[in-house]
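The values are calculated or read from the model by the stated rules, or taken from the named source; none is laboratory data. Computed from a predicted model, the values in this text were never measured in an experiment. In this analysis, Cβ positions are derived from the backbone assuming ideal geometry, glycine residues included, and neighbour counts consider all displayed protein chains. What goes into the accessible areas is simple: the full protein's heavy atoms, side chains included, and nothing from ligands, DNA or RNA. Shrake-Rupley method; radii C 1.70, N 1.55, O 1.52, S 1.80 Å.
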Amino acid sequence: MVSLMSRRTFLLGLLGTSLGACAGPVIRTPGEEIEKFPLVDAHSHYGAVRDPMGEDLIEAMSAAGIKRMVLFEASDRGAKELARRFPGRFAPSYQGPMGIDRRREQMKYGMDAQIAEQVGAEYEKALRSGLYKGLGEIPTYHGARPVAIAPHSPLVLRLLELADQYRVPINIHCTASEGGAGRIDQALRSHPQTVVVWAHAGSYLSPASIRDFLRDHPNLYFDLSTLHPPWPVRGRTHLAYSGVIDESWRQLLESYPDRFLVGFDFGPGASGAIRSTPLSLAREVGEFFRTVLTQLTPPTARKFAYENAEKLYKFQ
Ligand SMILES: [Zn+2]
């Protein structure tokens with residue numbers, strides 16, 4: 001009897017899931033409303049190779065339907081100039097020497113107090129200019145960076161201190177595996193006042209672990225750049241599959257609507273080389289995020305799409 005009942009239940013269960021899987025997206029916010037959203041990209045790069053890179057970004061933004069962008073630059077390349085030319089559209093963010101591999105080689109893995117002071121002084125000079133609205137993307141543990149600099153190292157802790165002192169967010173790239181999660185947890189605990197944006201949903205934390213981090217650290221936010229095609233799903237999750245939002249992500253976004261930011265990671269290609277962004281890709285990723293947004297409740301969709309980033313980066 002038990003086995004028969006269970007076979008019927010099993011078959012019904014199977015039927016349910018396949019129906020569920022091939023069921024279309026549940027629209028919770030009309031597409032027409034989403035189309036009007038002033039989307040904010042909280043994670044893109046001003047490149048070093050192509051100039052005018054600014055024009056490429058402007059084109060990519062209109063192709064993707066992005067109104068405003070947080071723009072990382074490793075050195076004074078042009079992000080501030082773009083912000084001056086297009087008021088209210090760009091928040092320059094100082095990635096600084098930690099974004100330059102040749103400089104990272106001289107940083108003794110960020111563990112030397114004197115170097116932490118010297119390099120910290122460069123970041124403070126940038127923040128004192130008042131033209132930078134954030135720090136980052138600060139690569140700590142990063143698969144494409146030859147030199148690893150720990151997120152709890154004296155150097156990175158100095159940057160967290162400065163970000164708090166100048167009341168700006170700091171965006172950090174830290175691969176969670178191989179101890180990354182434990183060390184960024186330490187850094188967050190030591191600077192509970194600093195607004196930290198962990199890039200790429202923590203590269204690659206599971207939604208369940210993200211929920212724990214959000215519960216434990218009210219000063220932590222996540223940008224969800226690269227959780228979409230064409231980035232491979234190897235090790236990471238995507239926010240949606242075949243146009244249907246991933247259920248664990250939907251629940252997480254609805255549980256913590258104030259803590260997530262949209263991100264496109266324009267500038268660096270999949271190989272990490274800085275180059276311009278194909279417009280077809282910009283359009284595709286823009287569509288991907290809008291599809292996800294229609295499957296969120298209106299207040300959560302607004303917060304994820306633009307309100308959270310506007311607040312953190314003080315867009316006027
Ligand atoms: Zn990036």
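For the stretch 207-228, a residue qualifies if it is assigned to a loop (DSSP other than H, G, I, E, B), touching a residue at least 40 places away in the same chain (Cβ under 8 Å) and open to solvent by 40 Å² or more (accessible area, probe 1.4 Å), but none of them does. Checking 304, 264 one by one, the residue that is surrounded by 24 or more Cβ atoms within 10 Å (Cβ to Cβ) and either at pLDDT below 95 or part of a loop (DSSP other than H, G, I, E, B) (or both) is 264 and no other. Within the stretch 121-166, the residues that satisfy the criterion of being among the basic types (Lys, Arg) and in a loop (DSSP other than H, G, I, E, B) are 133, 145.
Conditions (1) among the charged types (D, E, K, R); (2) open to solvent by 10 Å² or more (accessible area, probe 1.4 Å), marked per residue:
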residue	(1), (2)
146	no, yes
149	no, no
153	no, no
157	no, yes
161	yes, yes
168	no, yes
176	no, yes
183	yes, yes
202	no, no
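Pairs needed: first member in the stretch 241-268, at positive phi and within 16 Å of the ligand (Cβ to nearest atom); second member anywhere, assigned to a loop (DSSP other than H, G, I, E, B) and aromatic (Phe, Trp, Tyr); C-beta distance under 7 Å; at least 6 residues apart or different chains. Close Cβ pairs satisfying both conditions: 267/46. If the condition is being in a strand (DSSP E or B) and either farther than 26 Å from residue 139 by Cβ or within 16 Å of the ligand (Cβ to nearest atom) (or both), then the stretch 55-77 contributes 66, 67, 69, 70, 71, 72, 73. Of the candidates 106, 118, 114, the single residue that is free of Cβ contacts under 8 Å to residues at least 60 places away in the same chain and outside any helix (DSSP H, G or I) is 106.
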